[in-house]
Amino acid sequence: DVAIAAPLPVVGRDVLVPLVTGGEVEYAALDYGASAPCLQRVWDDVAGYLPYYGSVHRGAGYLSQLSTDLYEQSRATVAEFLGLRGDDTLLFTRGTTDSLNLLASVLPRGTRVFVFETEHHAALLPWRRHAGVTQLAAPSSPAQAVAALEAALEGSGDGPRLVCVTGASNVTGELFPVAELAEVAHRFGARIVLDAAQLAPHHPVSVADLDVDWIALSAHKLYAPFGSGVLAGRGDWLDAAEPYLAGGGASKAVSRDHVEWQSGAARHEAGSPNVIGAYALASACRAITEAGPAALVAREEALLARLRARLAEIPQVRTLELFGPESARVGVLSFVVEGWNSSRFAAVLSAEYGIGVRDGLFCAHPLVRHLLGGRADQPTECGSPDAPEGQQNLNAIRVSFGLGTPVEHLDRFAAAVR
Ligand code: PMP
């Protein structure tokens, strides 16, 4: 029971929810892995800017210029937060799914993509539309993941190849050995993209230090609202490909039969950009930097240790993990409860305790099925509260938290599970 620092202020902490058992209670948001609450600081910054926004890169008026400056400053802030190299391109997107689909759309002809089947569907599926895909079985340890990639890349030729890897699993919270995987990819002449949707909200990330070629993430998991995200990294494949979207902003000169496209970020940011989303994301990056990422990581590790110790005392709880209990992880944890249907369990946590968690397969069907002992090639049926007996663990429960989570919420959760 070490002392745990206060959470950072987030909006929505004062939401009261009615309980079926009578009365009401402060909502305990423990589904940060899906979407984290907005930092108060982000709320304040966005509220201060809303009266003044204008269309970026277009108008001659004062507010258009102000917005263009803020948009480009936001790009620089996020680039610094992610430790980008000087010649990297940072694109604002709609989120991680959009970012990875964008990258898939610019792959050179004949690219082969290597991906662990433990990925979130956003990192698993976009490649199938544009490239040949080699799926690697769920690894049993970080070292085995590195060895499996090495074996797969060995003799894979010298055509364009891309490795896609998650930084932290959205199901188990476990960290993947990104720097080691990047080293292997580059040794074999392949490139690598990091899905940092779950990593960046919990850990400082440096694209340059990890030596990954691209990074993708979503603002709504990084304490800013929905609708913006990032794809950042090497510009060559981005500049060589057709724009992701055709339209204004991406085009430099247009005649009846010909279009000359922009290069750099503009090439793939057609349409009026989401300047408020970019500004909100940059505000979150500034707030995290000022709070000190190391202190936030230490606080989260203390919360996680406390939660895991409490859950370990409950024999019916089985935590899902790929690499074993000693592996490094973020504040994301999935489990099943013996004798319980997971969806019913989550519904009871909500209705009787005011706790919001997630249940299901977390958009990572092959991984969850693997962890529940099912075969990865079987069709998936999501359990429901009314699933017949014997099907209770076709899905799982996920609890996830972060820098706005007070200790009391996790204690209430552990007591409710007990
Ligand atoms: N990758 C991972 C690891 C995720 O957890 C998620 C969101 N659950 C995504 C990608 C997709 O992010 P988004 O829904 O914001 O596009």
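The values are calculated or read from the model by the stated rules, or taken from the named source; none is laboratory data. Because the structure is a prediction, the values reported are computed rather than measured. Please note: Cβ atoms are built from the backbone with ideal geometry, for glycine as well, and neighbour counts cover all protein chains shown.
Overview of results
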{"quantity": "Residue in the stretch 220-230 that is of a type in the set (S, T, N, Q), away from the ligand (no atom under 16 Å from the Cβ) and in a loop (DSSP other than H, G, I, E, B) present", "calculated": "no"}
{"quantity": "Which listed residue, of PRO225, PRO177, is of a type outside the set (A, V, I, L, M) and within 29 Å of PRO273 (Cα to Cα)", "calculated": "PRO225"}
{"quantity": "The listed residue being free of Cβ contacts under 8 Å to residues at least 24 places away in the same chain and either away from the ligand (no atom under 12 Å from the Cβ) or not β-branched (Val, Ile, Thr) (or both), out of HIS203, HIS258", "calculated": "HIS258"}
{"quantity": "Candidate set from the stretch 163-189 (those that are assigned to a loop (DSSP other than H, G, I, E, B) and in contact with a helix residue (DSSP H, G or I) (Cβ under 6 Å, 6 or more places away or on another chain)); member that is farthest from the ligand (Cβ to nearest atom)", "calculated": "PHE188"}
{"quantity": "Filtered residue count, the stretch 82-101, keeping only those that are part of a helix (DSSP H, G or I) and buried (at least 23 other Cβ atoms within 10 Å of the Cβ)", "calculated": "3"}
{"quantity": "Residue match in the stretch 371-380 (condition: on the phi > 0 side of the Ramachandran plot, of a type outside the set (S, T, N, Q), modelled with pLDDT of 90 or more and surrounded by 21 or more Cβ atoms within 10 Å (Cβ to Cβ))", "calculated": "no"}
{"quantity": "Of all residues in the stretch 106-134 being among the β-branched types (Val, Ile, Thr) and more than 14 Å from the ligand (Cβ to nearest atom), the one that is surrounded by the fewest Cβ atoms within 10 Å (Cβ to Cβ)", "calculated": "THR134"}
{"quantity": "Condition check for ALA60: part of a loop (DSSP other than H, G, I, E, B), modelled with pLDDT under 95 and in the same structural domain as LEU210 (by TED's automatic domain parsing)", "calculated": "yes"}
{"quantity": "Unique match (being out of contact with any helix residue (DSSP H, G or I) (no Cβ under 9 Å at 6 or more places or on another chain), under 29 Å from ARG41 (Cα atoms), surrounded by fewer than 18 Cβ atoms within 10 Å (Cβ to Cβ) and not charged (D, E, K, R)) among ALA312, ALA305", "calculated": "ALA305"}
{"quantity": "Filtered residue count, the stretch 338-364, keeping only those that are at pLDDT below 95 and aliphatic (A, V, I, L, M)", "calculated": "2"}
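Residue-wise test of (1) among the hydroxyl-bearing types (Ser, Thr, Tyr); (2) surrounded by fewer than 19 Cβ atoms within 10 Å (Cβ to Cβ); (3) outside the structural domain of SER74 (by TED's automatic domain parsing); (4) farther than 30 Å from SER156 by Cα.
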{"position": "ALA179", "(1), (2), (3), (4)": "no, yes, no, no"}
{"position": "ALA190", "(1), (2), (3), (4)": "no, no, no, no"}
{"position": "LEU199", "(1), (2), (3), (4)": "no, no, no, no"}
{"position": "HIS202", "(1), (2), (3), (4)": "no, no, no, yes"}
{"position": "HIS220", "(1), (2), (3), (4)": "no, no, no, yes"}
{"position": "PRO225", "(1), (2), (3), (4)": "no, no, no, yes"}
{"position": "SER228", "(1), (2), (3), (4)": "yes, no, no, yes"}
{"position": "GLY249", "(1), (2), (3), (4)": "no, no, no, yes"}
{"position": "ARG267", "(1), (2), (3), (4)": "no, no, no, yes"}
